[in-house]
1. To the nearest 0.05, how large is the calculated FRET efficiency for E21 and R67 if R₀ is 30 Å and r is the Cβ-Cβ distance?
2. Under 20 °C and 1.002 mPa s, how fast does the chain diffuse according to Stokes-Einstein, given a Kirkwood radius computed over C-alpha pairs? Answer in µm²/s, whole number.
3. For the chain, with every protein chain kept in place, what is the accessible area per residue (1.4 Å probe, Å²)?
4. Could you check the spin-label model distance between V48 and E12? Points 7 Å from the Cα along Cα→Cβ, value in nm.
5. Counting each DSSP H run of 4 or more residues in the chain as -39500 (n - 2.57), what helix-only mean residue ellipticity at 222 nm follows after dividing by all residues, to the nearest 500 deg cm²/dmol?
6. Of the heavy-atom accessible surface of the range 15-56 (probe 1.4 angstrom), what whole percent is carbon and sulfur?
Amino acid sequence: MECVKRYLSPKEASQYVGVTEVTLQKWRTIGINLEFCKLGDAHSSRIVYDIHDLDKYIASKKVKIFRGLR
């Protein structure tokens with residue numbers, strides 16, 4: 001059975017989503033709807049992203065195009 005990594009660092013998450021680490025940091029600051037976990041206390045916290053949350057975020061950006069019949 002293969003072990004799948006569930007939590008990704010900001011660097012890994014940025015690659016997964018296809019944006020820069022700086023973009024992820026800006027999104028955290030302004031409150032873009034992409035959940036993350038802040039582990040530790042205020043002085044030594046670490047940010048991680050749950051891969052399931054990243055998948056939900058990506059799925060929420062799906063665009064459907066409907067074309068009328070002629």
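1. Efficiency, from the Cβ-Cβ distance: 0.20.
2. After rounding, the answer is 155 µm²/s.
3. For the chain, the per-residue accessible area is 87 Å².
4. Here the modelled spin labels are 0.8 nm apart.
5. -11500 deg cm²/dmol
6. Here carbon and sulfur together make up 51 percent of the probe-accessible area.
The values are calculated or read from the model by the stated rules, or taken from the named source; none is laboratory data. Predicted model, so just to flag it, every value in this text is computed and none were measured. Note: ideal-geometry Cβ built from the backbone for every residue, glycine included; neighbour counts use all protein chains shown. We work out accessible area using only protein heavy atoms, side chains counted, and drop any ligands, DNA or RNA first. Shrake-Rupley method; radii C 1.70, N 1.55, O 1.52, S 1.80 Å.
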